[in-house]
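Just below is one structure, and these are the notes that go with it.
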Amino acid sequence: MDEAREKLIEAAVNLGESLGLNRTVCQIYALLYLSDTPLSPTEIGKHLEMSKGNVSINLRTLEQWNAVKKVWKKGYTRPLYAANEEIEEIVLNKIKIGIEKRLNYVKPLMSEIKDSRKKNPEGKLFFDKLNKIEKLISKIEFLLQNIETIKLITK
């Protein structure tokens, strides 16, 4: 790979990691995004110096995110892979899914804590802070509900 491509892949990896994404997933996506033609898992492994198994596992993750697609080419028995070039959509969807997952974990805990307040009304400061957290959760949920509108505005 040429030096500019390597630097761009590394920049994509750093950005992805700052968003909480797996390094290998970012490397594979960046390579496919920058590639003129679809690549096989073997070619991806050679370019990135990683095992075919590691490539395959991470390609499945990218497929789940709709970040890559299989491309069938005449003469090949196995699929090649190409990047979905709608980076913004992929990133926003991944962020949305991650936030929803975390909210689904936190919300039952918040309900449990609120129920305990009924049994023990002491600790006003604690419950005032709990209310602030609930307001933040509501704002985050509003943001998630309107992410499609945000996508349209930013195009």
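Values for this structure:
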quantity	calculated
Scan of the range 1-25 for residues that are in contact (Cβ under 8 Å) with a residue 24 or more places away in the chain and not basic (Lys, Arg), ordered by number	Met1, Leu8, Ile9, Leu19, Gly20, Leu21, Asn22, Thr24, Val25
Residue count for the range 21-47, restricted to those that are over 21 Å from Lys73 (Cβ atoms), assigned to a helix (DSSP H, G or I) and touching a Ser or Thr at 6+ places or on another chain (Cβ under 8 Å)	1
Residue selected from the range 24-66 under the condition basic (Lys, Arg) and more than 20 Å from Lys94 (Cβ to Cβ), by the criterion nearest to the chain's Cα centre (by Cα)	Lys52
Scope the range 1-23; condition among the charged types (D, E, K, R) and within 13 Å of the chain's Cα centre (by Cα); matching residues	Glu17, Arg23
Candidates Ser138, Ser116, Ser111 - the one that is assigned to a helix (DSSP H, G or I) and over 30 Å from Leu21 (Cα atoms)	Ser116
Criterion violated by Lys69 - all others in (1) in contact with a helix residue (DSSP H, G or I) (Cβ under 8 Å, 6 or more places away or on another chain); (2) of a type outside the set (Asp, Glu); (3) part of a helix (DSSP H, G or I); (4) modelled with pLDDT under 95 satisfied	(3)
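The values are calculated or read from the model by the stated rules, or taken from the named source; none is laboratory data. What you see is a predicted model; the values in this text were computed from it and never measured. Backbone-built Cβ (ideal geometry, glycine too); neighbour counts: all protein chains shown.
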